[in-house]
Amino acid sequence: MKKNQPLTDFKTQILKSLASLEVAIGSLVFLMVLIVMCTLEQVDLGTFGAVDKYFRSAFLYYGSVPVFPAGGIVGLVLLLNVLGSMALQLRRDKSKTGIWLIHSGLVVLVLGEFVTGTFAIESQLAVEEGQSMNFSVSTRLNELAIFDRSDQKLETVYSLKTKTLRKNKEIERSEWPFKLRIQEFHPNAMAGPRPPGLAFPSRATRGPGKEMLLRRQTATSRDDRRNLPAAFIEVIENGNVLGTWMVWAGLEGIQEFTVGGKKFAMQMRPVRRYLPFTVTLKDFSHDRYAGTNIPKNFSSLDRLQNPATGEDREVLIYMNNPLRYLGRTFYQSSFGKNDTLSVLQVVENPGWLLPYISFVVMALGLMVHFGLMITKFKPASGASS
């Protein structure tokens with residue numbers, strides 16, 4: 001036992017240091033600094049970009065060198081501080097029940113942010129009156145979709161995330177009679193008709209890209225803009241290049257090609273999140289206050305059909321009244337096309353209940369703690385009126 005005593009004492013000292021009040025205060029100060037920096041940089045980076053930089057990463061970087069702890073590290077230290085306090089400093093008796101509940105609520109709150117930051121996904125479902133949709137699309141992420149149309153009754157779609165695309169990369173699948181080679185990839189670009197008399201030809205030899213001029217753009221993370229990635233892609237069959245296509249997220253429609261007598265197609269598009277049910281917009285209402293153009297309410301009357309469960313019912317989604325279904329929450333977000341298009345924000349967040357649980361547990365802890373304090377209070381004896 002004596003041989004291991006120094007190591008045990010060292011571990012205990014580390015735990016005591018992590019559980020100290022100084023570490024707790026320091027973590028809160030760092031969080032306040034991060035909040036201020038994040039708020040100021042939202043102007044340039046947008047909400048999602050600023051939150052990703054300051055709270056969904058471990059460090060802030062200058063170039064490739066970490067220079068300041070970000071939300072990941074600060075949150076971890078704060079979590080260890082609370083757990084250390086519970087393990088070393090809180091007595092295990094009834095008089096500390098409220099304090100235990102408060103600390104447990106803080107642990108749940110920090111874990112809730114971790115779950116949300118890691119697993120939450122947001123997308124949008126835009127549907128016109130009379131239209132049915134079974135997928136939502138990402139407002140930030142894009143994908144290269146390859147369509148196998150060799151079977152007339154079934155279309156198979158392969159999705160390649162744009163972050164996996166890079167210059168000179170070759171992509172092949174056992175199901176494909178060809179392979180793809182990425183000649184160029186740009187995270188953000190703009191394209192338009194080629195000016196007449198332009199000296200140099202387009203890299204694209206097939207599809208509408210032959211008549212278009214592509215201009216690279218700086219990638220953005222602002223809320224009011226989105227990246228439109230582009231790539232020049234060669235289709236190769238048995239070592240022979242069949243052609244080069246330009247795919248761009250701003251280009252509508254798919255581009256078909258044939259390999260070995262079978263039909264295929266490709267398209268750069270927003271990432272799709274397919275739903276196990278169908279949403280049909282029956283009616284969109286844009287209510288205004290009488291005699292004015294001031295919006296009063298936005299609502300979507302939708303028909304929800306789920307073949308797996310046999311459900312076929314109407315749901316009304318309006319401001320502050322979302323639809324929660326199969327782990328997804330549908331909020332009324334926007335509209336368009338003369339009030340015939342409804343845009344629903346779709347949120348998939350497995351940790352959405354954790355903040356509510358945290359607040360309830362902490363509120364209960366405060367009530368228990370102050371209740372026990374009051375019961376211990378005894379008025380002085382011998383007091384006269």
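The values are calculated or read from the model by the stated rules, or taken from the named source; none is laboratory data. All figures in this text were calculated on a predicted structure; none of them were measured in a lab. Neighbour counts are summed over all protein chains in view; Cβ atoms, including those assigned to glycine, are modelled from backbone coordinates with ideal geometry. Only protein heavy atoms, including side chains, enter the accessible area calculation; ligands, DNA and RNA are left aside. Shrake-Rupley method; radii C 1.70, N 1.55, O 1.52, S 1.80 Å.
For region 126-198, what is Rg from Cα atoms divided by 2.2 N^0.38 Å, rounded to two decimals?
Relative to the 2.2 N^0.38 Å estimate, region 126-198 comes out at 1.48.
Run the numbers on region 43-100 and let me know its relative contact order in percent, using alpha-carbon pairs under 8 Å that are six or more apart.
Once normalised by length, the contact order is 20 percent.
At 0.36 nm per residue, and after removing the present C-alpha to C-alpha distance, how many nm does the segment from ALA120 to THR375 gain when stretched out fully?
Result for the pair: 87.4 nm of gain on full extension.
Return the inverse of the average 1/r over all pairs of distinct C-alpha atoms in region 297-385, which is the Kirkwood hydrodynamic radius, in Å to one decimal.
About 17.7 Å, per the Kirkwood formula over Cα pairs.
Which is the longest run of the chain containing none of the GluC sites (Glu not before Pro) found in DSSP loop states (not H, G, I, E, B) with at most 16 other C-beta atoms within 10 Å?
With GluC sites (Glu not before Pro) excluded where exposed in loops, the chain gives 1-174 as its longest stretch.
Around SER300, what is the net charge, scoring Lys/Arg as +1 and Asp/Glu as -1 over all other residues with Cβ under 9 Å from its Cβ?
Overall, the nearby charge balance is -1.
Looking at region 20-83, what % of the alpha carbon pairs are farther apart than 15 Å?
Counting every Cα pair in region 20-83, those more than 15 Å apart make up 51 percent.
Which percent of the accessible area of the chain is formed by carbon and sulfur heavy atoms (probe 1.4 angstrom)?
59
For region 31-136, take N as its residue count and report Rg(C-alpha) divided by 2.2 N^0.38 Å.
1.51
Rounded to the nearest Å, what's the spacing between the alpha carbon centres of region 249-294 and region 110-160? Just the number, please.
Between the Cα centre of region 249-294 and that of region 110-160, the gap is 10 Å.
Just to confirm, what accessible area per residue do you get for region 191-271 at 1.4 Å probe, in whole Å²?
55
For the pair ASN134 and LEU88, how long in nm is the line joining their label points, each one 7 Å along Cα→Cβ?
Here the modelled spin labels are 5.7 nm apart.
Please list, in chain and number order, the residues 5+ apart from LEU60 or on another chain whose amide H is under 5 Å from its amide H, with Hs placed from the backbone.
So LEU60 has HN proximity to VAL67, PHE68, ALA70.
Using only C-alpha positions, report the orientation-averaged shadow area of the convex hull of region 202-304, nm², one decimal.
That works out to 12.0 nm².
Can you give me the distance in nm between label points at MET37 and LEU21, each placed 7 Å from the Cα along the Cα-to-Cβ direction?
2.8
For region 139-287, just the Cα atoms, rotate onto the principal axes and tell me the three extents in Å, largest first.
Computed over the Cα atoms, the extents are 57, 40, 28 Å.
Looking at region 299-385, which chymotrypsin sites (Phe, Trp or Tyr not before Pro) are DSSP coil and have at most 14 other C-beta atoms within 10 Å of their C-beta?
Counting only loop positions with at most 14 other Cβ atoms within 10 Å, the chymotrypsin sites (Phe, Trp or Tyr not before Pro) in region 299-385 are PHE377.
Calculate how large, on average over all directions, the projected area of the Cα convex hull of region 84-224 is; give the answer in nm² to one decimal.
Reported value for the Cα convex hull: 18.2 nm².
Specify the angular offset, from 0 to 90 degrees and rounded to the nearest 10, of the alpha carbon long axis of helix 71-88 from the longest principal axis of the alpha carbons in the chain.
The angle comes out near 30 degrees.
I'm a student and want to see the number: the projected area of the Cα convex hull of the chain, averaged over all directions, in nm².
Projected over every direction and averaged, the Cα hull of the chain covers 37.1 nm².
Pairs LYS167/LYS262; LYS11/LYS53; LYS16/LYS163: which are spaced more than 31 Å apart, C-alpha to C-alpha?
From the list (LYS167/LYS262; LYS11/LYS53; LYS16/LYS163), the Cα-Cα distance tops 31 Å for LYS11/LYS53; LYS16/LYS163.
Rounding to the nearest 10 and keeping the result within 0 to 90°, find how far the Cα-based axis of helix 97-119 lies from the longest principal axis of the chain.
Relative to the chain, helix 97-119 is tipped by roughly 10 degrees.
Size of the dipole of the chain about the Cα centre, Lys and Arg at +1 and Asp and Glu at -1 on the beta carbon, nothing else charged, in debye to 20?
1160
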